[in-house]
1. Given R₀ = 30 Å, what would the calculated FRET efficiency be for Ser90 paired with Phe150, taking r from the Cβ atoms and rounding to 0.05?
2. Between Lys125 and Ser59, take the C-beta separation as r, use R0 = 25 Å, and let me know the FRET efficiency to the nearest 0.05.
3. Which residues does a label at Leu38 reach in the stretch 87-109, if reach means a backbone N under 19 Å from a point 7 Å past the Cα toward the Cβ?
4. How many times 2.2 N^0.38 Å is the alpha carbon radius of gyration of the chain?
5. As a footprinting exposure proxy, order Met164, Met176 by other Cβ within 10 Å, with the fewest listed first.
6. Enumerate by residue number the GluC sites (Glu not before Pro) in the stretch 73-132 meeting two conditions: DSSP loop (anything except H, G, I, E, B), and at most 13 other Cβ atoms within 10 Å of the site's Cβ.
7. Hydropathy at least 1.6 by Kyte-Doolittle, axial extent at least 24 angstrom from the Cα trace: which helices of the chain, defined as entire DSSP H runs, fit?
8. Is there a quick way to get the dipole size of the chain? I mean about its Cα centre, with the Cβ of Lys and Arg at +1 and of Asp and Glu at -1; what is the value in debye to the nearest 20?
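Taken together, the values in this text are just the output of simple stated rules run on the coordinates, not laboratory data. Everything numeric here is computed off the predicted structure, so don't read it as measured data. For neighbour counting, all protein chains shown are included, and Cβ atoms are generated from backbone atoms with ideal geometry for every residue, glycine included.
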Amino acid sequence: MNRILRILLEADGFYILAAGMLGPIYAIFVERIGGDILEAGGAYAAFAISSGILLFLLSRWEDHVKHKEKIIVIGYALGCIGILGYLFVSAPIHLFVVQIILGIAEAIVYPAYDALYSRSLERGKFASEWGLYESMRSIVTAVAALVGAFIAAIFGFQTLFIVMFFFSLIGLFISMRLLYIKVKK
């Protein structure tokens, strides 16, 4: 595996770990801030809609961006801000804002990420190297679900959000290594 793929996998692995820690206990958090099941669904929908619309628009623009690694770093930085935002959520409306920030971050990161990942694949190993990404994503999500639930149960949501922010920062710092590698065209 080449250096770029390794960096991309490590960076996204930590970011997925951070983001995935809240996944299975998300509705419990929404209830704790005074929300109900409709607000939980609505906030998640705000994430998905903002991400989906911007993915469609930004992917066309990112096709013309020369330094995709810079876009990846910017997206992860915004994702870190979004994850940090969970610390300040005290009402459902705040959660909607955080979810939209995270949707925007995802829309910025993943078109550039996928383009750089695809461009860096070894000829003849497309399926196995994309399979590596997909398996990493599933396994890290599973670990994140267990770790996040454990941390929230033992230490509470505030501690969970600090841990999530810490792991998202690790992903961001790892992605910054892309800025110092000459990327093949």
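1. Numbers: r = 24 Å, r/R0 = 0.79.
After rounding, the FRET efficiency stands at 0.80.
2. On the way: r = 24 Å, r/R0 = 0.97.
The pair Lys125/Ser59 has a calculated efficiency of 0.55.
3. 91-97
4. Working: Rg = 16.6 Å, N = 185, 2.2 N^0.38 = 16.0 Å.
Here the answer is 1.04, to two decimals.
5. Numbers: Met164 27, Met176 17.
Fewest-to-most ranking of Met164, Met176: Met176, Met164.
6. Values: sites: Glu106, Glu122, Glu129; in loops: Glu122.
Within the stretch 73-132, the qualifying GluC sites (Glu not before Pro) (loop, at most 13 other Cβ atoms within 10 Å) are Glu122.
7. Working: long enough: 3-20 (25 Å, 1.04); 37-62 (36 Å, 1.15); 68-85 (26 Å, 1.36); 92-119 (40 Å, 1.07); 126-155 (42 Å, 1.30); 157-176 (28 Å, 2.17).
Flagged H segments are 157-176.
8. Working: 15 positive and 13 negative charges, 191 e Å.
Once rounded to the nearest 20, the dipole reads 920 debye.
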